[in-house]
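Just below is one structure, and these are the notes that go with it.
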Amino acid sequence: MHRRATLVLLCGLPASGKTTLARRLAAELPAVRLCADEWLTDLGADLFDAGLRARLERRFWRLAQDLLGQGRSVILESGFWRRADRDEKRAGARALGAAVELRFLDVPLDELARRLEVRNAEAPWATAVIPPALLESHAPLFEPPSPAELALFDPPAC
């Protein structure tokens, strides 16, 4: 059976499990997985360089549109903290005839802090070291999707 191209947006705060889920979905769908943290780390770039991250995310979106237009599924791991970003990607992918899934990883702040401590201690070289205090100060900027917004997306294929 031929599957419709799908854009999967992974929405959640740091340490919510986006990369773990993305790796599983990439194999199951199959899909191309685009993760700015991994690219920036591999390039030896500063993960907190907002300008560089924004340019990379724009490039990922152009690549995702090309792939979706070719019938390929794509996973974007940006976190999608803002509703406006999620709306933009949903509209753009739908204009290409793709299905669009939003996977919201809703993890309590205390659990995220615990996971970050473990991740920071086990593999500080693999990703950005994010102190729990930074997570707590930035968490209020996150706009979690409401049930009404979640209903605007396609149900998960797997």
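The values are calculated or read from the model by the stated rules, or taken from the named source; none is laboratory data. Since the structure is predicted, the reported quantities are computational estimates derived from the model, not experimental observations. Backbone-built Cβ (ideal geometry, glycine too); neighbour counts: all protein chains shown.
Number of residues in the range 67-126 that are aromatic (Phe, Trp, Tyr) and more than 14 Å from LEU9 (Cβ to Cβ) equals 1. If only residues of the range 14-45 that are part of a helix (DSSP H, G or I) and among the hydrophobic types (A, V, I, L, M, F, W, C) are counted, the one that is surrounded by the fewest Cβ atoms within 10 Å (Cβ to Cβ) is ALA27.
Any chance the range 61-68 includes a residue that's among the aliphatic types (A, V, I, L, M), under 21 Å from GLU149 (Cα atoms), at pLDDT 95 or above and in contact with a strand residue (DSSP E or B) (Cβ under 7 Å, 6 or more places away or on another chain)? So far as the range 61-68 goes, no, none of its residues is among the aliphatic types (A, V, I, L, M), under 21 Å from GLU149 (Cα atoms), at pLDDT 95 or above and in contact with a strand residue (DSSP E or B) (Cβ under 7 Å, 6 or more places away or on another chain). The single condition from (1) assigned to a helix (DSSP H, G or I); (2) farther than 25 Å from ARG115 by Cβ; (3) among the charged types (D, E, K, R) that ARG72 fails is (1).
For the range 1-45, a residue qualifies if it is of a type in the set (Asp, Glu) and under 11 Å from the mean Cα position of the chain (by Cα), and exactly one does: ASP37. The sole residue among ALA148, ALA91 that is aliphatic (A, V, I, L, M), over 27 Å from ARG59 (Cβ atoms) and at pLDDT 95 or above is ALA148.
Counting only residues that are in contact with a strand residue (DSSP E or B) (Cβ under 7 Å, 6 or more places away or on another chain) and farther than 15 Å from ARG82 by Cα, the range 130-158 holds 4 of them.
For the range 1-13, the criterion of being touching a Phe, Trp or Tyr at 6+ places or on another chain (Cβ under 6 Å) and part of a strand (DSSP E or B) is satisfied by at least one residue.
Residue count for the range 46-77, restricted to those that are within 14 Å of the chain's Cα centre (by Cα) and of a type outside the set (Gly, Ala, Ser): 10.
Taking first residues from the range 125-153 that are under 29 Å from GLY92 (Cα atoms) and part of a loop (DSSP other than H, G, I, E, B) and partners that are at pLDDT 80 or above and among the β-branched types (Val, Ile, Thr), the Cβ contacts under 6 Å between residues at least 6 apart in sequence or on separate chains come to PHE153/VAL100.
When you scan the range 81-90, do you find a residue that is among the aromatic types (Phe, Trp, Tyr), surrounded by 13 or more Cβ atoms within 10 Å (Cβ to Cβ) and part of a loop (DSSP other than H, G, I, E, B), even just one? Looking through the range 81-90, at least one residue is among the aromatic types (Phe, Trp, Tyr), surrounded by 13 or more Cβ atoms within 10 Å (Cβ to Cβ) and part of a loop (DSSP other than H, G, I, E, B).
Considering the range 1-17 alone, what residues qualify as being of a type outside the set (Gly, Ala, Ser) and at pLDDT 95 or above? Within the range 1-17, THR6, LEU7, VAL8, LEU9, LEU10, CYS11 meet the criteria.
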